[in-house]
Structure formats: structure tokens, C-alpha cells
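Please read the structure below before turning to the comments.
The values are calculated or read from the model by the stated rules, or taken from the named source; none is laboratory data. Everything numeric in this text was worked out from a predicted model, so none of it was measured. Ideal geometry is used to build each Cβ from the backbone, glycine not excepted, and the neighbour counts take in all protein chains shown. The protein model used for the area step is the full one, side chains on, heavy atoms only, and it has no ligands, DNA or RNA in it. Shrake-Rupley method; radii C 1.70, N 1.55, O 1.52, S 1.80 Å.
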Amino acid sequence: MIAVVKQSASPEQLQQFIAWIEGRGFKTHVSVGEAETIVGIIGDTSRIDPFLLESMDIIERVQRVSEAFKKANRKFHPEDTIIDCGYGVLVGGGHFQVMAGPCSVEGENLLTIARAVRAAGATILRGGAFKPRTSPYACQGMGEAGLDLLCEAREELGMPIVTELMDPRDVQTFIDHEIDIIQIGARNAQNFPLLREVGKTDIPVLLKRGIAGTIDEHLMAAEYIMSEGNEKVMLCERGIRTFETRTRNTFDVNAIPVLKNLTHLPVIGDPSHATGYTRYVRPVAYAATAAGVDGLEIEVHDNPTEAWSDGAQALTPEMFADAMRRISLIREAVTAEV
Ligand code: PEP
Ligand code: MN
């Protein structure tokens, strides 16, 4: 349920109202917007009489929110959330960023790749140190040594880093390395204890959609993180499993405007895992951009045939630079005043 507070309400009246609601065992989520202030009420709101709230001086109107996701719901927070990822990099609310780098952190070539993607306009460096591999015999990533390399690259280039966390026992290691953005991978999209654990940090989270996850399941995963207090969640569309076999996954371009409508959280497109093949990555990156994403995550490798993982979908630095020029033209077209 949301209660829209009148413009004329004083901060004290608002505080009194919140205390009154919380005193009845509900949680609240306050969104102070330019036009209106909204108090989201979370809990079994069937116990609340909306007419009683509407009879209060400071309440403009009351509306039931039928969706199961509350904190992620745009009704609770009409304005776009803008996430500060550090180094002056903002995502959402008109701030568009590209995250790029190798699938796996492999060694010193991380710096070569990082310099190239930075020069082409990427603002966030990606690279997996803990890799979720389908086979337990496949390379599992460099682990903590990979985090150290990411930190070195961050230091040199002055850009935030995003890397995947798979195990709640590694949260402290991520905090110690001051990882700027925690990625939760598609395979862990419904790992609820892990989602709760990252929800207890205040580190921005890049939350992938589950392998065959619905949009609502994606939003509920975000809700798990937010319900623990961390509201800095970016949703990532990375393709879903369908009956199609010509591509690794099927990029759900519909999900972009649908999510933008349902939630205030930023939406990121990942054309690399969505397609699985280098030749399809750029067209799908352009489609995602045109559909209104707040950013992209793209895998780039200096020598794709030698990559430890996902070489088949990596762009070379040259391809990435070409993509960045076109992405910027598409952004201009879709954000232009016409
Ligand atoms: C990745 O980003 O390298 C990755 C494993 O992504 P996903 O979880 O979307 O498969
Ligand atoms: Mn990958």
C-alpha cells in the first residue's frame, strides 16, 4: 500500500505518521520526490483501513499495491533511482554507462583490455574472478588473485569494477577489496541466502536475470536484496533459455521497457551472454540501447581464441570501439527532443 503525502505536510507530521504506521508492525519506505512524497507501507496491509488513512490531514490519497515486489516497485518510488558506483560514475535516471572487460580475469592482459575499453569509452571494468562454470572440471577463475588484479586496474584507470560473487562466505573478501559493484550471476538469481547477504552490504549490485527467470522473478530477486536494506540494485537482462538453439540464449528486448515501467531501478543489457556469438553481440547491443537500457555489459578480449571462458562471444577491442561509437549515436536518437 502507498500513502501519498500532501505537499503542505511538515517534516514533523511526516515523522509522526511514519512512527504511527511502524508502531502497528509495518515497515515503511519513504520516497521524497520533486512533486510528491510517498510512504510505502510493507506488511499485511489488509489490516489497514485506507479510509482511516485518507481521513488524516496530511494524506492526499491511498492506493493498494497488488504486486508482490514493493521496494522495487515504481509505485513506491516514481522517480528513477540513480546509483553512484564510485569514481563519479552514476547509473540510471538518464545516466548511461558501459561495463566492459573479459569474461574471466586471466592475468596481466586484464590491464591491456582495461586500457582499451577505457579508451573506447567504457566507464566500468568487468571481469570474473570467481566463475560459475557448468562443469566442475572447467576453470573456476583466479579467485582472490583475480580481485587483486581488478583492483590494480581500477587504481591505474580510475574506474569502478564489477565482478561476480557466488558464495556468501566471500562477501567479506569483496568488502575488503572495496569491490565497487557486486555481480550476481544468472545461476544465482534465486539463491535467496546469497541475495540476502548482499542486501546487508551497501555495495551496488548488478543482478542478472535467471536462466529461465520471469520478469516477476527478477523483480522479486531484487526485492530480496532491497528488503535487507541495500536499495542499490541494477537489473540485468542477459537473455533467457527458450526453445531456440541458434543462439546461447534469447535476448528479451521486451523486458527492457516492461522493467522500466514496473520499477525505478536501472536496467542494464548484456548482449554477450544473450547471444553467445561475437557476430551477434553488436546488433543486440544496439537493440538494447534503442529499447532504453541505462547501460550495457559487454565482454571484450584482446585475444578471444585464447580466452579462458566465453571467447566465442568476446568482442575484440576494435569491435568494441566501433560498437561504442554507434551506441552513442543510437543514444542520441532515442533521447533527442523531437
Ligand atoms: C558473466 O557475466 O560472465 C556471467 C557468467 O554471466 P551470467 O550469469 O549472465 O551467465
Ligand atoms: Mn561470461
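Here are some notes:
- Criterion (within 17 Å of residue 299 (Cβ to Cβ) and of a type in the set (D, E, K, R)) met by exactly one of 154, 115: 115
- Considering 270, 310, 302, the condition of being assigned by TED's automatic domain parsing to the domain that holds residue 97, on the phi > 0 side of the Ramachandran plot, in contact (Cβ under 8 Å) with a residue 60 or more places away in the chain and within 16 Å of ligand 2 (Cβ to nearest atom) is satisfied by 310 alone.
- Of the helices (runs of 4 or more DSSP H) lying entirely inside segment 230-338, the ones with 2 or more residues being over 22 Å from residue 69 (Cβ atoms) and open to solvent by 50 Å² or more (accessible area, probe 1.4 Å) are found at 278-291, 317-335.
- Among the residues of segment 209-225, those that are more than 16 Å from ligand 2 (Cβ to nearest atom), hydrophobic (A, V, I, L, M, F, W, C) and surrounded by fewer than 22 Cβ atoms within 10 Å (Cβ to Cβ) comprise 212, 215, 220.
- Against the test of being touching a Lys or Arg at 6+ places or on another chain (Cβ under 6 Å) and away from ligand 2 (no atom under 15 Å from the Cβ), the options 333, 291, 323 yield a single qualifying residue, 323.
- Residues satisfying the stated conditions in segment 141-190, i.e. more than 20 Å from the chain's Cα centre (by Cα) and small (Gly, Ala, Ser): 141, 143, 145, 146, 153, 158
- Residue among 235, 194, 206, 296 that is within 14 Å of ligand 1 (Cβ to nearest atom) and in contact with a Cys (Cβ under 7 Å, 6 or more places away or on another chain): 206
- Checked against (1) among the small types (Gly, Ala, Ser); (2) open to solvent by less than 60 Å² (accessible area, probe 1.4 Å); (3) in contact with a helix residue (DSSP H, G or I) (Cβ under 8 Å, 6 or more places away or on another chain), residue 40 passes all but condition (3).
- Per-region count, segment 34-91, residues among the hydroxyl-bearing types (Ser, Thr, Tyr) and either touching a Ser or Thr at 6+ places or on another chain (Cβ under 8 Å) or closer than 22 Å to residue 233 by Cα (or both): 4
- Selected residue (only one of 176, 180 is of a type in the set (D, E, K, R) and under 21 Å from residue 296 (Cβ atoms)): 180
- Which numbered condition residue 274 fails, given (1) closer than 22 Å to residue 315 by Cβ; (2) touching a His at 6+ places or on another chain (Cβ under 9 Å): (2)
- Take the conditions (1) away from ligand 1 (no atom under 16 Å from the Cβ); (2) in contact with a strand residue (DSSP E or B) (Cβ under 7 Å, 6 or more places away or on another chain); residue 127 misses just one of them, which is (1).
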